[in-house]
1. Could you go through region 181-193 and let me know if any residue there is among the polar types (S, T, N, Q), closer than 22 Å to Ile294 by Cβ and open to solvent by 70 Å² or more (accessible area, probe 1.4 Å).
2. Looking at Lys278, is it within 30 Å of the chain's Cα centre (by Cα) and surrounded by fewer than 16 Cβ atoms within 10 Å (Cβ to Cβ)?
3. With the requirement that a residue be surrounded by 15 or more Cβ atoms within 10 Å (Cβ to Cβ) and in contact with a Lys or Arg (Cβ under 6 Å, 6 or more places away or on another chain), what does region 51-67 give you?
4. Of all residues in region 231-261, how many are surrounded by fewer than 17 Cβ atoms within 10 Å (Cβ to Cβ) and touching a helix residue (DSSP H, G or I) at 6+ places or on another chain (Cβ under 7 Å)?
5. Please indicate, with yes or no, whether at least one residue in region 192-209 is outside any loop (DSSP other than H, G, I, E, B), touching a residue at least 24 places away in the same chain (Cβ under 8 Å) and under 23 Å from Lys312 (Cβ atoms).
6. Looking at (1) under 27 Å from the mean Cα position of the chain (by Cα); (2) farther than 26 Å from Ala191 by Cα; (3) touching a residue at least 40 places away in the same chain (Cβ under 8 Å); (4) open to solvent by 20 Å² or more (accessible area, probe 1.4 Å), which is the only condition Thr299 fails?
7. Scan region 79-92 and give yes if some residue there is open to solvent by 20 Å² or more (accessible area, probe 1.4 Å), closer than 15 Å to Ser42 by Cα and either free of Cβ contacts under 8 Å to residues at least 12 places away in the same chain or part of a strand (DSSP E or B) (or both), otherwise no.
8. Against the definition (modelled with pLDDT under 95 and farther than 24 Å from Asn24 by Cα), how does Asp105 come out, yes or no?
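The values are calculated or read from the model by the stated rules, or taken from the named source; none is laboratory data. Predicted, not measured: the structure shown is a model, and the values here were computed from it. We place every Cβ from the backbone using ideal geometry, glycine too, and count neighbours over all the protein chains shown. Areas reflect the complete protein model, heavy atoms only, side chains present, ligands, DNA and RNA absent. Shrake-Rupley method; radii C 1.70, N 1.55, O 1.52, S 1.80 Å.
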Amino acid sequence: MEEIILKNITGNDVKIKIVDKEENANFITHSGTFHADEVMASVILLNKFGDMNIYRTNNISNNNAFIYDVGFGEFDHHAIDFDLTRNNGIKYASAGLIWKTFGMDIINKFNIKDKTSFFESIDKNLIMDIDRDDNGQSLTNEPEVKAQTIPSLIGNFNPAWNEDNLEQKRFLQALSFLNTIFNNMIGRMLAKEEARSIVEEKIEESCNGILILDHYMPWKDIVLTSNNIKAKDILYAIFPSKRGGYNVVATPKEQGSFDVKKPFPNNWAGLENLELQKISGVKTITFCHKNLFICACKTYEDAIKIANISLKYNWQNKKLC
């Protein structure tokens with residue numbers, strides 16, 4: 001019998017056992033090679049129900065247990081007539097089915113303003129690709145370099161052909177790994193929700209297209225999706241850098257894009273320290289990214305100066321207005 005204690009999303013201990021008798025199980029999934037699908041499903045279930053006694057088998061006789069990814073029941077997607085599919089064409093696998101059923105119960109533990117959007121973000125950013133892989137749906141425009149996706153990483157937890165009697169232990173290791181990813185993702189998304197109200201206040205306080213934050217927090221998506229009319233005019237954000245000094249960051253054109261609404265002056269690209277200070281006229285500027293989306297400097301006053309110079313820069317004539 002293998003056993004592990006994990007933290008759930010609220011920080012409580014949850015005991016997970018792989019039991020060797022089916023009658024001792026309250027959860028059953030398939031045996032043999034494990035995949036991210038049933039491992040992710042197990043993570044969701046431990047967050048929903050708590051302690052789990054898992055029995056791994058392909059021949060089920062204990063119908064009193066919660067059965068998933070095996071047996072052709074409610075939470076198995078292997079039946080020949082199963083075709084439940086998302087609007088984007090990604091088919092549901094067991095992880096998605098269990099998130100679809102129980103995800104909102106987990107989200108309801110937290111004070112989240114838009115719970116539906118939060119639920120959909122977890123599905124999009126974590127669950128969906130696991131389902132896609134388990135259903136054998138290829139990524140479009142797949143690069144020549146093999147992407148290290150969560151399914152491929154979980155697959156590497158399976159014992160090699162010449163390793164014996166490690167399957168249950170490795171299953172729990174994979175479960176611990178994926179539980180950490182799940183907890184971290186939800187934690188970061190909860191932090192982003194907390195940041196939203198702060199950033200919205202700073203948007204209202206913004207002036208001349210410059211957003212000023214007291215410390216770094218997620219701001220780009222919030223600015224781009226804000227209903228405040230002033231958000232559309234924000235071209236730069238200023239905040240203290242974790243490395244010391246201040247960062248000035250250009251606002252992207254859209255969510256997830258590296259293209260920005262107004263880059264920094266062209267002749268700053270890739271320069272640092274004295275050379276950059278001479279060209280820019282900013283005394284403590286230390287860095288400008290070659291793609292012109294972020295600058296760093298040592299003082300708040302110079303951060304404001306960087307933003308104001310960039311606001312006045314005319315990209316068509318490549319000079320200050």
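1. Taking region 181-193 first, the residues among the polar types (S, T, N, Q) are 183-184.
Still in the list and also closer than 22 Å to Ile294 by Cβ: none.
No, region 181-193 contains no residue that is among the polar types (S, T, N, Q), closer than 22 Å to Ile294 by Cβ and open to solvent by 70 Å² or more (accessible area, probe 1.4 Å).
2. No.
3. Step one: of region 51-67, the residues surrounded by 15 or more Cβ atoms within 10 Å (Cβ to Cβ) are 52-57, 60, 62, 65-67.
Within region 51-67, just Asn53 meets the criteria.
4. 2
5. Residues of region 192-209 outside any loop (DSSP other than H, G, I, E, B): 192-205, 207.
Okay, now just the ones that are also touching a residue at least 24 places away in the same chain (Cβ under 8 Å), so 192-193, 195-196, 199-200, 203-204.
Then drop every residue that is not under 23 Å from Lys312 (Cβ atoms), which leaves 203.
Yes: one or more hits.
6. (1)
7. no
8. On the way: modelled with pLDDT under 95: no; farther than 24 Å from Asn24 by Cα: yes.
It is false that Asp105 is modelled with pLDDT under 95 and farther than 24 Å from Asn24 by Cα.
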